[in-house]
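No lab work stands behind these numbers, since they all come straight from the coordinates. Note that the structure is a prediction, hence the values are computed from the model and not measured. Counting neighbours? That spans all protein chains shown, and the Cβs are built from the backbone with ideal geometry, glycine included.
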């Protein structure tokens, strides 16, 4: 083979990844060189032969999606981003690996303009979220056709990803749905932090995936021709996702540390780096990629420019309605029909004054929203009749070729559901919402957090939100969940107090294009408090005076959700005794915290404050001030009819009245 | 067949379960009749032919364990408890199903005196926790021999249990470890709440379990002879756990509602109950079990009385040391060596004044505790070198016949680890602790909550507890986790500030026989603040004055964990400016909240209060009062060396000093 004028080999291109990974980790004095070096060959095949992407048009809706589930191998992602020509991913950013404000943090953080489709690091999330990408692709394909939506989701996943339980939930569902556009490249390197995976992990992983209805292929991950053949074969699948088990050597190229956990999560060190440079014939200074190698990579990054142009032409050739619908769906904005639909619904509720559980009010809101907003795709983790998540007339996304529809049957897979929702939100074209019992917010929590961190519009419908669910008892009664969810940054927690607020909270959730929301909803009925219609979304300020005191305000009762009803009862009793009492409904602490001090002070009032919420106290002191009283749950719940439980735990209008009088 | 004098058939005995289940659900007007009716036949075979248990001696350490993972079918558990003769489970308790204060809440709540080994209801937890029972059985068998420990763990699990991701983690590990004493009876009824499981669940479940290294057997769950043969076969396994797929009809016996989701979670109704009585030939009034049927069940409950007597004799025949060790291990008390070991360690630390990360201090504490306390069984979710959980000289529990040891390699299975720990704590004989990054407390959260609800001594070692972990970035930096964990009732959250407090916190965790604890530990080094040795465990009061003000106390800095160091620096600067400043270390809010008001007031002081914790504010207002300042995290973290992050987020001694001065 004559090297002088030849194109750099794929192997040399892969070695560019290895060199950048080991050099960046060394410079940062922390990071994970082993995984990028082990998977460099597989990634090189994928990015040079298959992946449809265009660094000049990185947010192209019909690009293939690549997800590095094993996010600790972030230098693989950054090296690929730099080499293939994402403009902002300069060599200086690579040199600033893991430094404050760099584009190269310890784990990849979502930024499609860099080719980073999602934030990864917590194991299991990437491969599971990828299922949501692949599902959104098929759903939007069913809506817009092959001309506009026809792409593949590729994942690199580690042993750890596949040990995580969420991978079971999501991959089982992927098999059930027959998501043939999903291809998972498993980095089967037999090494984890503790040592050999044999210490704890002896699954027959391909057999496991076949039990889910996947294709499986096994290859030597350093035999590039074999990897190419495997991916090509996977792409022919018409009815199943594919797992390609790539047997690799972690840290491949490092002569002394490869195939050992010593190269997993630590720099190689100067000596081993020097030895590696020799071993892989990479006689270049740190961070230097020779021009010919860089050119070859940039050419790989330019492969799909024609495909992009052709796709753009196809989009332009659509009729105006389709084009507008496509752009609206992928534009990630606020749906045009949202506000009018909600205002009309509120007017009707204020007139009808129903006594609905807020979960029923939510179902009623969805009956209006889903037909009006084509992007909404709902679902439930096998609690459809309890969560009231299926809008009238909506159709199941059955899978296996049938992807037209708006409703996903997630099965008893709360965590998997949350990951799929995140993937759908990240993919674009759909706005996902999904339901479970609020208790099981705990099961979804890692993905709820990730939605908040990634600023994605995933809408979680959490019903049965307190002891108000009654007989199912303490295993099913959220007590600490409101506090625990309020603690998550950038998560909007919404607990509406009646059917009008429920509609308003849905509006806030759908409007919130840069973050997730949770609707905490009751199982039990509550009256309509907002009987005077306002077009204004009063819940948007987080808390507001629902009922002002008659006479001088001496007391303010702060309440959320079903406890707004108790507050209103207590107010009536106090007013009857001549004690001017206001009721403040607080559907969202986060939104109230964003209001100016004058508004907050006016709402909270100067008098005695009583907070009432059938939940833990944690966080309430912020609103109660120094003379406040909290009435809520002292610990776990009990199993009994809910009316008895409220009495048993002393969460009653009488208790509120007594507390106010005791303080006055 | 002549019925007059014959023993009631197994079928008739099973029908007693069916009748009690449908009658109790009907009386409660809520509950799940379908599952108990569907699995009545399987349960009857298990309880009459195999299960080793003695309702007269329900906490017999060597009893078989039965776990109803599908806890919504609680009436199956209660019917079995009543029928087999657990004294307190009277027919009146059955009649009070789902009522306040009954022994028959909506989902089973742990009470071995009733035959209820654990609290179930959140799907996936039972089958996964059962793996911990089965592991503890083998570990204690390795320690005490077949004469004292030789029993089997049986589980009834539903489709939903097996859809949950945690079942993947725990069952994969069960296969890896070769837990042959674990037998899972899968209620394969093809029905879930949304309808047919085909809507979302088409795994080949037996193939999946074989991929984990399990035996699998498939039977007709209503063919009692076949069920008997399957369990008998499973009991012969020497190296693998067994899944028995029991094809059943949900609601079996109800002529119109069987095999439909309509009988899953609602009462059958009077008409269908009448029809069922006819169909199953059960002409008895509600809650009436004829004497002959009850006698037959009571005889089943008395089957193992001889085995219990023989076991007692074997225990009595042990040498005194073995007997004492066995009774100490299964006595669930405070280990005798605990206090002296900790006091000696503290004396050494106070003298040596090391600058250790608290994770290192924890490892050092374990080096002392593990050799002294035979019951301690540790582990990590594949982060052993980071969590510092493996004590010097401790030995891996390898599994597959090798169960002598004190350390479990859980793999990248945080949730599975937490369930196994709970199972070990419930089983008795061991005190489980296990490590992961604190970020992944989210993955374990459903099981941490269940440990708290069940009052079990599971000790979670959560290292890398803040932005102090540095470069791994926001996916790995806990921000909201302290607040979210503090919100869980009956969970002790411990965040020690130096090596002495770390030892004290370990003591508190091991002493806490009635609940779980979490140790939140730093990655980064901190100095030793407690340089004067005290035998007293000062952390036991939750918060205490670590450094009193010189002169009049004008300010109090409240801090936890690594931020105690910042507080001490700030105090030095303020005292240099003549501002009397105390530092309060708050290793546990829960313990401080239990102190009397006078102690709390003395600790918190009257002056300006500044709280400093590299975490979310939620909950801090309780301690800060109306004039307090909080210095902490405004949102998610960033990836950078940790010293830069503390500066970037303004969590510095300078910021504390400025805040105090601004308020004075």
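Highest mean packing first, where packing is the average number of other Cβ atoms within 10 Å per residue, the peptides A:471-479, A:46-54, B:128-136 line up as B:128-136, A:471-479, A:46-54.
Treating r as the C-beta distance of residue A:285 and residue B:351 and R0 as 51 Å, the FRET efficiency rounds to 0.55.
Antiparallel as a % of all DSSP beta bridges within chain A, to the nearest 5? Taking every DSSP beta bridge within chain A, about 15 percent pair in antiparallel fashion. Sorted from closest to farthest, the other copies place their residue B:283 label points 10.1 nm away, with each point set 7 Å from Cα along Cα→Cβ. When you restrict to C-alpha pairs under 8 Å that are six or more residues apart and normalise by the size of region A:354-398, the relative contact order lands at 46 percent. Taking the centroid of alpha carbons for each part, region B:47-79 and region A:232-274 are 47 Å apart. With Cα atoms as the point set, the radius of gyration and Dmax of region B:261-307 evaluate to 15.2, 45 Å. Restricting the calculation to Cα atoms, region B:337-527 yields a radius of gyration followed by a Dmax of 15.2, 45 Å.
Compute the relative contact order of region B:520-657 as a whole-number percentage, counting only Cα pairs closer than 8 Å that sit 6 or more residues apart in sequence. Before the final figure, lay out each step's value.
Values: 226 pairs, mean separation 34.0, N = 138.
Rounded, it is 25 percent for region B:520-657.
Could you pull out which residues in region B:7-46 have an amide N less than 16 Å from a spot 7 Å beyond the Cα of residue A:643, following the Cα-Cβ vector? Answer for region B:7-46: B:28-30.
Residues in region B:35-60, backbone N under 19 Å from the label point at residue B:7 (7 Å along the Cα-to-beta-carbon vector): list them, ranges by number please. Taking a point 7 Å out along Cα→Cβ of residue B:7, the residues of region B:35-60 whose backbone N falls under 19 Å are B:41-55.
Report the calculated FRET efficiency for residue B:572 and residue A:295 (r = Cβ-Cβ distance, R0 = 51 Å), to the nearest 0.05.
On the way: r = 59 Å, r/R0 = 1.15.
It comes out at approximately 0.30.
DSSP finds beta bridges in region A:10-307, and of those with both partners inside it, around 10 percent are antiparallel. Taking every alpha-carbon pair in region B:625-664 and binning the separations at 5 Å intervals from zero gives 5, 22, 28, 20, 14, 8, 3, 0 percent. Return one number: the angle in degrees, 0 to 90 and rounded to the nearest 10, between the long axis of the Cα atoms of helix A:320-330 and the longest principal axis of the Cα atoms of chain A. Once rounded, the angle reads 90 degrees.
Here the Debye sum runs over all C-alpha atoms of region A:281-410 as equal scatterers in vacuum, and log10 of I(q)/I(0) at q = 0.12, 0.21 Å⁻¹ comes out as -0.71, -1.27. Computed on the Cα atoms alone, the convex hull of chain A gives a volume of 158 cubic angstrom per residue.
Normalised by 2.2 N^0.38 Å, where N counts its residues, the alpha-carbon radius of gyration of region B:542-662 equals 1.01. Taking label points 7 Å from Cα along the Cα-to-Cβ direction, residue B:338 and residue A:663 give a separation of 3.9 nm. The angle separating the long axis of helix B:441-454 from the principal Cα axis of greatest extent in chain B is about 70 degrees.
Using R0 = 30 Å, the C-beta based FRET efficiency linking residue B:525 and residue B:325 works out to 0.20. The value for region B:196-350 of Rg(Cα) / (2.2 N^0.38 Å) is 1.69.
Taking the DSSP bridge list for the protein assembly as shown and keeping only pairs wholly inside it, about 15 percent are antiparallel.
Using just its DSSP H runs of length 4 or more, each adding -39500 (n - 2.57), the protein assembly as shown gives a mean residue ellipticity at 222 nm of -12500 deg cm²/dmol after division by all residues.
Structural descriptor for chain B: relative contact order 12 percent, calculated from alpha carbon pairs under 8 angstrom and at least 6 residues apart. Between the helical axis of A:653-663 and the dominant principal axis of chain A, each derived from Cα atoms, what acute angle in degrees is found, rounded to the nearest 10? With both axes taken from Cα atoms, the answer is about 80 degrees.
The spacing between region A:355-378 and region B:392-435, judged by their C-alpha centroids, is 46 Å. The tail of the calculated P(r) for the protein assembly as shown beyond 65 Å holds 6 percent of all Cα-Cα pairs. The alpha carbon centroids of region A:303-329 and region B:519-586 are separated by 63 Å. Label separation (residue A:455 vs residue B:49): 6.3 nm, computed from points 7 Å beyond Cα along the C-beta direction. Here the Kirkwood formula puts the hydrodynamic radius of region B:10-307 at 18.9 Å, using every distinct Cα pair.
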